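Structure record follows, encoded as structure tokens.
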Amino acid sequence: MLAKKLIWTGSFASVFLLAALCAYADPKAKEPAPRFNAKTMDGEKFTNDSIKGKVVLLEFWATWCGFCQDEAPYVDRVNREYADKGLVVLAVDVGESKKTVKKYLDQHPRSSRIVLTDDTNLAAMYEATVYPIYVVIDRDGNVAGTQRGAAGEDALRELVASAGIGAER
């Protein structure tokens, strides 16, 4: 009985470890970003064509997500630091109404551009079902990296660096 329990526990741990590693795995090298349209709450429009030559960080989040709230200052800081180096940050709120997001932003202001699910097809393309999820697109329009889940400011900077925007502080 003990041997079966140990085998089961070991198997479970292996599956959990494999799932965790896959959650942080980068997509295939030079995978083109899917065609998208996005409109910010301020009415600014973005497409694959309009971002050519820029690095784009997509942050998928929700107002009720505690990890998203914890990481928002990191995202906004990276946005401010690298905006003049060609970084565009689109913070895509998934599945919430404009009223809910506005109320949240009144209490928790963001400097990143906010996009609602109604104004983009990005959440479906990147299977945004847990939050936060980050996707970085390089200057050539390819997915340079992804991160599923909160991992802190250093991991966010490394992700952006994978698309060619420096990891220096």
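Key figures
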read-out: Checklist (1) closer than 17 Å to G152 by Cα; (2) among the acidic types (D, E); (3) surrounded by 19 or more Cβ atoms within 10 Å (Cβ to Cβ) applied to D76, failing item; value: (3)
read-out: Inter-residue pairs, beta-carbon under 7 Å, first on the phi > 0 side of the Ramachandran plot and in the range 40-58, second surrounded by 13 or more Cβ atoms within 10 Å (Cβ to Cβ) and basic (K, R), 6+ apart; value: G53/R139
read-out: Helices (runs of 4 or more DSSP H) wholly inside the range 46-143 that include at least 1 residues being under 13 Å from the mean Cα position of the chain (by Cα); value: 66-82, 122-125
read-out: Per-region count, the range 144-161, residues of a type in the set (V, I, T) and buried (at least 23 other Cβ atoms within 10 Å of the Cβ); value: 1
read-out: Total residues in the range 97-136, condition touching a helix residue (DSSP H, G or I) at 6+ places or on another chain (Cβ under 8 Å), surrounded by 13 or more Cβ atoms within 10 Å (Cβ to Cβ) and not hydrophobic (A, V, I, L, M, F, W, C); value: 7
read-out: Unique match (being of a type in the set (A, V, I, L, M, F, W, C), in contact with a strand residue (DSSP E or B) (Cβ under 7 Å, 6 or more places away or on another chain) and modelled with pLDDT under 95) among A13, A20, A33; value: A33
read-out: K102 vs. criteria modelled with pLDDT of 95 or more, more than 17 Å from R157 (Cα to Cα) and not small (G, A, S); value: yes
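The values are calculated or read from the model by the stated rules, or taken from the named source; none is laboratory data. Since this is a predicted model, take the numbers as computed values, not measurements. Please note: Cβ atoms are built from the backbone with ideal geometry, for glycine as well, and neighbour counts cover all protein chains shown.
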